[in-house]
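What follows draws every value from the coordinates through simple rules; no lab data is involved. Note that the structure is a prediction, hence the values are computed from the model and not measured. Using ideal geometry, Cβ is built from the backbone for each residue, glycine included, and neighbour counts are taken over all protein chains shown.
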C-alpha cells in the first residue's frame, strides 16, 4: 500500500508543475555547455543538479507517429500556454561478456520519467526504475559484502548470479523570485567542477532532502538537509537500518567573472526519533555556515567536515580544486608525524571544452587523494557515508587516484574514453583497520603515528572504459552503445582482473559510477 501511494503521488503531482532542474549527468552537462555560446557562471555550476531552465524539447516534428516518437520526440508531451508535461520510458538494456571468467553480464532496467507544469513558479520531476543485473566479478563481490548495488538500493538475489534492485526519485521545486529556490524530494547531489567530488558526490543511493538556495550579487548560498541511513547486518544476516542526518552549507562566491571560491561545511549526527530529542536536533539545523567553529575538535557525538573550493576559468578551460578537512589538530599537522587524526584530502584538476579549437571535444584530468581514516568517525553511524557507500569518492580514504576522461562528439556519434589509476591500502585482515574503509570506527585503527597513503595491503588499480554511442533520440537521450571495460586490481596477496565487452540501448540520463 505504501509503494502504491508513492507511485500515485509521483504520477499525478507532475501534472500540476513545471520542470526546471537540469539532469544530474556529467555527459548531459558537457553536451549542454558545448552547445552554449557562453558558459554558466562558476557559482551556478558549483552544486548539481543545476537550477537552470532545461532546454525545451517538446516540439512537434514531421513524419509518422512511430518515427517521431522513436527518433525525435517525447513519448507523450503537451505544450501550451497553461499545461506542459512529458512522460517518457526509462531503460537500459545491455548485454556483455566478461572474458577472464567466461561470464555473461546483463543489465535490464525499465521504468519511467515524468515532468510537468501548470503553475509558473513550481517545478517537478519524478523517476522510477527497476533492474535485473548480472555483474562482473568485482561488482558482484561488492554487493555480496555490502548488500547494495553501487549508486542504487538494496539488492535482492535473483537466480544463481543475478540481482534485483529498484530506485525511486523525485522533487518539487519552488522559485518565488530570482533570489530564492526551495526544493524537497528524494534524490542525489554533487558539489564541484570535477568528475569526482571530495565534498559531496552523487555515487551513493538516493536520500530524502530539503535544499534551499539563496542567490544575490555574485553569491550562491546553499543549505542542504538530508536524512541518511546506515546499513549493517544482524547476526541472522538481515539488514539493520539506522537513521542519521546531515546538514550541509555551501557558500559559493564569484570573485571575478573567471575566479570562484567556495566554502563548505557538513555536520552528521544521529539521535533517536523522539520528541524529547527535538531540542537536541534543532541546534544542527542552523543555516549559517561556520557558526560553531570551536566545535571542530577531535571526537564528539557528531561528525563535522570542512571544505574549500577554488576554481579558475580561462575561456573554456577550468582549473579546479577542493580541500577537505575532517577532524584534525594543528599541532599534530605542524609536527608532520603522520598522526592518525589529521584527516585531510584534496582534489586538483583541469577540464576543457573544445581544447585547441577542436569542435565537439572535451577533456578532463584530475588527481584526488585522502589520508587514512578521513571521513570515518568514533561511531559507524556518524561516518561520512550513506547506504554502505562513501558520500565523497567511492574509494573511501587512504587512496590516491588519477582520473582522465576524453570525449568527442560529431553529430549524433559520441566516442568516450576513460582511464583511472589508483593506489590504496586495504586491511590486512578483519582485525586491522588501516584507514581505507570509512565505515570502520576509530577504535579499530592500527597505527597512531606515521600513517601514510597506501599503508596496509598496498594495492594498485587500473580501470579503462572506451565506448562508442549513437544518439537515436536526443529528446530523451536514447542511445545505442558498444564498448569495452578493463579492470585490474593487484597486490601481493591477489590479482583481480575483469575484461568486459558490452553492447546495448539506453536512455543515458544519470551518472553511473562502477569505475572503482
Mind checking the log10 I(q)/I(0) for the range 191-267 at q = 0.18, 0.25, 0.27 Å⁻¹? Debye, one equal scatterer per Cα, no solvent, two decimals. -0.85, -1.25, -1.32
For the range 122-140 and the range 238-266, distance of Cα centres in Å: 25
Looking at the square roots a ≥ b ≥ c of the eigenvalues of the Cα gyration tensor of the range 164-230, which shape do they give, rounded for a/c under 1.5, prolate if a/b is larger than b/c, or oblate? oblate
Residue 448 paired with residue 145, simple spin-label distance in nm, labels 7 Å along Cα-to-beta-carbon: 2.9
Highest-first arrangement of 462-474, 390-402, 242-254, where packing means the average Cβ count within 10 Å: 390-402, 242-254, 462-474
P(r) of the range 302-422 over all Cα-Cα pairs, binned every 10 Å from zero, in whole percent: 12, 34, 29, 17, 7, 1
By the gyration tensor of its Cα atoms, with a ≥ b ≥ c the square roots of the eigenvalues, what is the shape of the range 308-367: rounded for a/c under 1.5, prolate for a/b over b/c, or oblate? prolate
Kirkwood-based Rg to Rh ratio, the range 56-199, C-alpha trace: 1.06
Taking 35 Å as R0, compute the FRET efficiency from the Cβ-Cβ separation of residue 410 and residue 493 and round it to 0.05. 0.20
For a distance above 30 Å, tell me the whole-number percent of Cα pairs in the chain that qualify. 49
How big is the C-alpha Rg of the range 135-200 next to the rule-of-thumb value 2.2 N^0.38 Å, as a ratio? 1.60
Listed peptides 335-342, 260-267, 191-198 by packing density, highest first (mean Cβ within 10 Å): 191-198, 260-267, 335-342
Kindly provide the helix-only [θ] at 222 nm of the chain, computed as the sum of -39,500 (n - 2.57) over DSSP H runs of four or more divided by all residues, to the nearest 500 deg cm²/dmol? -2500 deg cm²/dmol
